[in-house]
1. Residue by residue through the range 109-146, note down the ones that are more than 19 Å from Arg304 (Cα to Cα), crowded, with 22+ Cβ neighbours inside 10 Å and not aliphatic (A, V, I, L, M).
2. Please verify whether the range 246-260 includes one or more residues that are surrounded by fewer than 16 Cβ atoms within 10 Å (Cβ to Cβ), at pLDDT below 95 and of a type outside the set (D, E, K, R).
3. Look through the range 275-319, keep the residues that are β-branched (Val, Ile, Thr) and not in a strand (DSSP E or B), and return whichever of them is farthest from Ser48 (Cα to Cα).
4. Can you tell me how many residues within the range 194-228 are in contact with a strand residue (DSSP E or B) (Cβ under 6 Å, 6 or more places away or on another chain), among the aliphatic types (A, V, I, L, M) and more than 24 Å from Ser48 (Cα to Cα)?
5. Does Asp47 qualify as being at pLDDT 95 or above, in the same structural domain as Asn287 (by the TED database) and not in a strand (DSSP E or B)?
6. Report yes if Pro87 is surrounded by fewer than 23 Cβ atoms within 10 Å (Cβ to Cβ), touching a Gly at 6+ places or on another chain (Cβ under 6 Å), not hydroxyl-bearing (Ser, Thr, Tyr) and not in a helix (DSSP H, G or I), otherwise no.
7. Could you go through the range 214-233 and let me know if any residue there is part of a helix (DSSP H, G or I) and more than 25 Å from Asp306 (Cβ to Cβ).
8. Test Thr159 against the stated conditions and say whether it is of a type in the set (Ser, Thr, Tyr), in a helix (DSSP H, G or I) and out of contact with any helix residue (DSSP H, G or I) (no Cβ under 7 Å at 6 or more places or on another chain).
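The values are calculated or read from the model by the stated rules, or taken from the named source; none is laboratory data. As the structure is a prediction and not an experimental result, all values here were calculated from the model. Cβ placement follows ideal geometry from the backbone for every residue including glycine, while neighbour counts extend to all protein chains displayed.
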Amino acid sequence: MNKLFKNVLMSAVIASASIATTVGATSTYPDSPVKVIVPYSAGGGSDSVSRALVEALKDKFPEGIAAENRTGGAGAIGMSYAQNSKPDGQTIGMVAPELVMLPHQGYGSNLDYTKFTPLAIVNSGYAAITVPADSPYETLEDLIKDSKDNNLLFGNSGTGSIWHLAGAGLEVKAGTQFTHIPYKGSSAAITALLGKHLDAVSVSYAEVASQVEAGALRSLAVLAPNRLKDAPNVPTAKELGYDVEIGTWRGFMVPKGTPQSTVDFLTDAILEAVETDTFKTFMANTNNDIEIIKSDEFAKKLEREDIFFKELITKLELN
């Protein structure tokens with residue numbers, strides 16, 4: 001009887017082990033907590049958009065998903081961390097144009113956009129050339145014409161930032177010269193403009209929208225491919241004869257080598273999340289435009305911008 005009991009017990013142990021092995025082998029992603037690395041400080045635009053997306057994604061991640069800020073180096077530290085993480089889908093990187101700008105500026109030398117696999121871009125924000133409401137410049141042409149004879153002070157969010165390059169890009173296309181005044185962030189530049197310490201700023205429209213709507217500021221043009229839905233009366237620079245299109249965007253990527261099934265899951269999850277009422281409401285309330293660019297086009301955009309920013313940064317001697 002003891003021998004029979006032992007045989008039965010052994011069979012049960014083997015069967016249990018077999019079941020456990022099978023379960024382990026067939027476990028599917030996401031089977032562990034996932035973190036989204038935000039390379040910018042808490043409370044900023046990139047952080048708030050990332051956290052809104054994470055909130056909309058939570059139902060897809062039973063083990064949890066959370067945003068984690070890793071700041072420094074104008075975004076290089078956080079993006080490098082995501083780039084060099086294990087390609088298992090447990091780390092998603094939030095990225096921006098700085099991914100292809102910083103290496104050409106001598107920062108983030110180990111950053112390499114080709115070491116990522118793109119998922120999707122969810123948001124874009126284009127530069128708006130903005131002046132005080134009582135400025136003598138009624139049009140972009142007025143401002144550019146006067147800049148050829150006078151020293152105009154052009155505020156931005158920091159030397160080498162996307163908004164500095166936006167103003168400089170317009171300067172190059174218009175064949176003129178501005179005096180670029182860097183501030184520690186767009187908010188400081190806008191405050192200086194409101195205080196009449198500047199002639200104009202080049203920052204995102206979302207950042208000046210509330211002051212434009214309040215009648216304190218006026219946007220002369222946006223450096224966008226098309227007029228913005230939140231500012232339909234503001235022309236694009238291209239409409240006015242200046243072929244320049246510069247803005248920021250917020251996208252999500254994973255380290256190269258991440259399994260394709262995981263990439264597909266994450267891409268689909270993000271594309272569904274941006275269609276939720278919660279995310280759409282947040283974006284509308286914060287004047288952030290949803291612009292969805294899927295992985296293949298995202299990759300092509302990175303290639304184009306890498307070339308564009310290399311040429312512009314070299315021309316401006318910011319490298």
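1. The answer is Thr130, and nothing else.
2. no
3. Per the stated criteria, the residue is Thr314.
4. Residues meeting the conditions: 5.
5. Spelling it out, it is not the case that Asp47 is at pLDDT 95 or above, in the same structural domain as Asn287 (by the TED database) and not in a strand (DSSP E or B).
6. It is true that Pro87 is surrounded by fewer than 23 Cβ atoms within 10 Å (Cβ to Cβ), touching a Gly at 6+ places or on another chain (Cβ under 6 Å), not hydroxyl-bearing (Ser, Thr, Tyr) and not in a helix (DSSP H, G or I).
7. So far as the range 214-233 goes, no, none of its residues is part of a helix (DSSP H, G or I) and more than 25 Å from Asp306 (Cβ to Cβ).
8. no
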